[in-house]
Amino acid sequence: MTGEYDFDRTAELPVLDAATLETANAPAGGAVAIRALEQRVVELVAENDRLRGELAAGAARIARQEAALGEARAALGRLPLRAAGPASSAVPVPAGATRLLVHKDGNSEIVHVLGRRTTIGRTADNDLQLDTRFISRHHAVILCGPVHTVVEDLRSTNGVLVNDQRVTRHTLQDGDAVTIGRSLFRFVVRLG
């Protein structure tokens, strides 16, 4: 045995049809045929045991890999949010400023005052409900920190765009165009 399973060897498996059984029952050729079949059974059992060992080792490797992946995801979840791109490009929001998300609807504007954490999506459990097509149930979240405001896509189907660039996480600047699904907003910082 070479240690590697040759899948073409299954073609060598004896077929126990009536002719084979007749040969095995014959006094002269029967003993030789039986010994050959017994040897083949021993080979197949050994190969089966080797493959079971490889399968168990592979399952153990998968379990270790999944544990390491879970630890990495947990560590990533504990990290503070960072904006994509260089940190120096983000201008801090002045103290006491109000952050708004403005949606133009025909001739009027709808103004949404952002809280520390504003969820956006199609269902009623969101802070900002957009019950339209192309909006996921939990589409995005806007996080307002003491210095920066960050928009994060919550793995939505149609994504979040900032200034026509698809983003997963982005620090917003005053005047940025934010597209959620197909709804266009403008991020505005108002002083005082």
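The values are calculated or read from the model by the stated rules, or taken from the named source; none is laboratory data. This structure is a prediction, so every number in the text was calculated from the model and none was measured. Cβ placement follows ideal geometry from the backbone for every residue including glycine, while neighbour counts extend to all protein chains displayed. For the accessible areas, the whole protein counts, side chains as well, though only heavy atoms, and no ligand, DNA or RNA atoms are used. Shrake-Rupley method; radii C 1.70, N 1.55, O 1.52, S 1.80 Å.
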Residue check, LEU128 in contact (Cβ under 8 Å) with a residue 12 or more places away in the chain and either of a type in the set (Asp, Glu) or touching a His at 6+ places or on another chain (Cβ under 8 Å) (or both): yes
Residues of the range 155-168 satisfying the condition of being within 14 Å of THR119 (Cα to Cα) and open to solvent by 70 Å² or more (accessible area, probe 1.4 Å): ARG155
Residues of the range 129-154 classified as in contact with a Lys or Arg (Cβ under 9 Å, 6 or more places away or on another chain), buried (at least 18 other Cβ atoms within 10 Å of the Cβ) and either part of a loop (DSSP other than H, G, I, E, B) or among the polar types (S, T, N, Q) (or both), total: 5
Tally, over the range 97-128, of residues that are in contact with a strand residue (DSSP E or B) (Cβ under 9 Å, 6 or more places away or on another chain), open to solvent by less than 70 Å² (accessible area, probe 1.4 Å) and assigned to a loop (DSSP other than H, G, I, E, B): 5
Condition met for PHE185 (part of a loop (DSSP other than H, G, I, E, B) and touching a residue at least 12 places away in the same chain (Cβ under 8 Å)): no
Residues located in the range 169-182, provided they are open to solvent by 20 Å² or more (accessible area, probe 1.4 Å) and over 24 Å from the mean Cα position of the chain (by Cα): GLN173, ASP174, GLY175, ALA177
